[in-house]
1. Could you check residue 529 against (1) touching a strand residue (DSSP E or B) at 6+ places or on another chain (Cβ under 7 Å); (2) within 15 Å of the ligand (Cβ to nearest atom) and say which number it fails?
2. Any chance region 233-247 includes a residue that's more than 30 Å from residue 58 (Cβ to Cβ), in contact with a Leu (Cβ under 6 Å, 6 or more places away or on another chain) and not in a helix (DSSP H, G or I)?
3. Residue 486 versus (1) in the same structural domain as residue 459 (by TED's automatic domain parsing); (2) under 16 Å from the mean Cα position of the chain (by Cα); (3) more than 16 Å from the ligand (Cβ to nearest atom): which is the lone unmet condition?
4. Of all residues in region 324-336, which are open to solvent by less than 20 Å² (accessible area, probe 1.4 Å) and more than 10 Å from the ligand (Cβ to nearest atom)?
5. Please indicate, with yes or no, whether at least one residue in region 29-45 is under 25 Å from residue 141 (Cα atoms), β-branched (Val, Ile, Thr) and touching a strand residue (DSSP E or B) at 6+ places or on another chain (Cβ under 7 Å).
6. Restricting to region 550-584, and then to whatever is hydrophobic (A, V, I, L, M, F, W, C), within 16 Å of the ligand (Cβ to nearest atom) and in a loop (DSSP other than H, G, I, E, B), can you tell me which residue is least open to solvent (accessible area, probe 1.4 Å)?
Amino acid sequence: MSIVYLEDKKIFKLDTAGSTYVIAVDDDNFLLHLYYGAPIPDVNLTDFANRCRYASFSATIPSRDGTDFSPDTWPMEIGCNGCADMRIASLQIRNADGNAATDVRYVSHRIIPGKPALPGLPALYSECEGDCETLEIKTLDKTTGAEVTLLYTVFTREAAMTRSVIIRNTSEKPFEIERVMSFCLDMNNADYDLISLYGRHNQERLFERRALAHGVQGISSRRGSSSHSQNPFIALIQKGGNEDWGDAYGFNLVYSSNFTAQCEVDFNRSTRVIMGINPDDFGWTLAPGESFYSPEAVLVYSNAGLGEMSRTFHRLYNHNLVRGEWKHKKRPLLVNNWEGTGMTFDDEKLVQIAAWAKETGLEMFVMDDGWFGRRDDDTSSLGDWYVNETKLRGGISSLIARVKALGLKFGIWYEPEMISPDSDVYRAHPDWCVHVPNRDRSLGRHQCVMDMTRADVRDYLFEQMSSVLANNEIDYLKWDFNRNITEAGSALLPPERQKEFYHRFILGTYELMDRITTAFPHLLMENCSGGGGRYDPGMMYFSPQIWCSDNTDALSRVDIQFGSSLCYPASVQGAHVSASARSGYETKRNVAMWGTFGYELDPAKISEEAREEIKTQIADFHRYYDTIHYGDLYRLISPWDDPYKCAWEFVNEDRSQAIVTYLSKFYTERQNWFLRLKGLDAGAEYRLTKTGEVYSGALLMRAGISMYRYPVADGDSAMLCFEKI
Ligand code: GLA
């Protein structure tokens, strides 16, 4: 059993494959957090509860045993607003009396096999019987009738758990949820560094590490998407911890809209971590009898540094998040026309690219932006999802037939949540666009946003898309989202519900994605948002791959891929070779192989030599596919540790193959240095396929391979493959 309730002590002990989490119910029915970390047995767990019960200036509340007790000084499973816990709150409900004092206490619990789904929300799921178990703890605020259920799912094969919250209104009057975090975690010290992934368009998910300090610190998004600026991921790592050593805790929100992740170090030097929907511009009115589901957060613990934390996320997401037919099916090697042609193309041009793709050994042609309405540039036509027959003479069916006749799969681009002011649909339905009355509608890339909170808008989009998808043999869909949301309001929501806009918007998007993936189960979806602006587990639930960044320059892309790998597996990482100038085709390939792999260029614009080189690149993709997509990643030298060079390694499950890539970013003198590999079988021997030389696993890991023999020029890279003998 992974979850046990020790009835005599009123303690819950939740064990994953590599962590223990302990909760107690105290005499006053508060839910207290006792421990989260490396596995521990059930011996004297109550010792955790030997703490000072109050501090001066921490208000106390009446306690059943007559001693003073302040929730302010105790680790709590829910941080309630306004009743003696002065730290950043995880729950705040404004009740019918107008105040926001919130106080929930334990009522009951149940332990169930597997994992219940969260209505309308993406979430991890049970892949097979016995891989997870769930604890539901019901609590109640007696004054307001808010019933708050905490969900904890514990995975038996990984050191991972998920947490979420359900709020039900059991009273006779409506109340307003002002803040609901998906989890609250009170750690008993502050000896951690906070890691987060910041960025911008073309530079997503760059690694940042800072020491925790007293007060509140963290990251958030208010952009209506998880965003390029901050990814909904943070980690806490023990001071001095690194890739291989130290307690590391990773937190990732399965959500694609406004989020917050905050840590507060208080006067006791304890650290509260919360993560959930951003409470800025959020509110949700809950009528009697209604329920609200928070998005889910994923918690991963590693006692061996960041490397193991990342590998746990990767395995977990490959098994328990990514879904559908393409989950484990080999994804087609594609060419996309975007970087090669932009929107300037016609059917002949596309068929030319497809013909080259076939001849080169690629498997799918993807037609990007520009095929619909009157779209020749980015100023028009989003929302008019009918084919532009001036460009595609004979219509889309004729183009698809020609591509299929070559023996290739066919993919198409959409940006369903967007609407161009210069479009037929906007002229017919100006209120379908996200806006607020009497204010300008700001533009991003000349476009507005469709009001996804509206069922009529979603129905329109579903009909438009399915008329193309149902009548044509389309294998792949790239779903884009190329601006953030402003003037967030819907013409249909009453004033008191406008605060629900952002959350309703993303629920609407999820609903449409669900309808499309259910109606067209064979479709391979690739998400995108100006590259990686919605690179989050919410989107990964619908699309097994996401375009990682519009930046296809290998030398800077590599930093984005290192950052992304903190919690996202290579199997979801959209990465292509493009014609971008800074490095040679070998390096472009070596970097793009750390992902779904493909090409994004116009073959007519590259040299004959480059075309020949590309032909030779493809065999390795097939040879290494499983190891890279589903193997263990080791960040051997990370850009945040070394500005000059980096190296990464994939090892397959039975440790019979290791693919090592080394990249020199800036001029590094040819010098003596040894690259130590990781994750091999120390007792085995490995052949380096490039030279045929044999090395022991022990030597490769303990002494390292001499890189003096594999010099690479500034901006170049080398890929070495080791195979077990
Ligand atoms: C976004 C995507 C690109 C491409 C363009 C098309 O920027 O990230 O890959 O699809 O839109 O407009």
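1. Among (1) touching a strand residue (DSSP E or B) at 6+ places or on another chain (Cβ under 7 Å); (2) within 15 Å of the ligand (Cβ to nearest atom), the lone unmet condition for residue 529 is (1).
2. Within region 233-247 (the criterion being more than 30 Å from residue 58 (Cβ to Cβ), in contact with a Leu (Cβ under 6 Å, 6 or more places away or on another chain) and not in a helix (DSSP H, G or I)), the answer is yes, since at least one residue qualifies.
3. Residue 486 satisfies every listed condition except (2).
4. 326, 331, 332, 333, 334, 335
5. No, region 29-45 contains no residue that is under 25 Å from residue 141 (Cα atoms), β-branched (Val, Ile, Thr) and touching a strand residue (DSSP E or B) at 6+ places or on another chain (Cβ under 7 Å).
6. Applying the filter and picking the extreme gives 575.
One line per residue, one yes/no per condition, for (1) in contact (Cβ under 8 Å) with a residue 60 or more places away in the chain; (2) outside the structural domain of residue 542 (by TED's automatic domain parsing); (3) within 26 Å of the chain's Cα centre (by Cα):
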site: 116; (1), (2), (3): no, yes, yes
site: 120; (1), (2), (3): yes, yes, yes
site: 127; (1), (2), (3): yes, yes, yes
site: 135; (1), (2), (3): yes, yes, yes
site: 140; (1), (2), (3): no, yes, no
site: 144; (1), (2), (3): no, yes, no
site: 149; (1), (2), (3): no, yes, yes
site: 154; (1), (2), (3): yes, yes, yes
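Results for (1) surrounded by fewer than 23 Cβ atoms within 10 Å (Cβ to Cβ); (2) in contact (Cβ under 8 Å) with a residue 24 or more places away in the chain; (3) closer than 30 Å to residue 453 by Cα; (4) more than 21 Å from the chain's Cα centre (by Cα), shown as yes or no for each residue.
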| position | (1), (2), (3), (4) |
| --- | --- |
| 514 | yes, yes, yes, no |
| 523 | yes, yes, yes, no |
| 528 | no, yes, yes, no |
| 533 | no, yes, yes, no |
| 548 | no, yes, yes, no |
| 587 | no, yes, no, yes |
| 594 | no, yes, no, no |
| 597 | no, yes, no, no |
| 605 | yes, yes, no, yes |
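The values are calculated or read from the model by the stated rules, or taken from the named source; none is laboratory data. Keep in mind that what you see is a predicted model, and the values were worked out from it rather than measured. Backbone-built Cβ (ideal geometry, glycine too); neighbour counts: all protein chains shown. Calculation scope for accessible area: heavy atoms of the full protein, side chains included, ligands and nucleic acids excluded. Shrake-Rupley method; radii C 1.70, N 1.55, O 1.52, S 1.80 Å.
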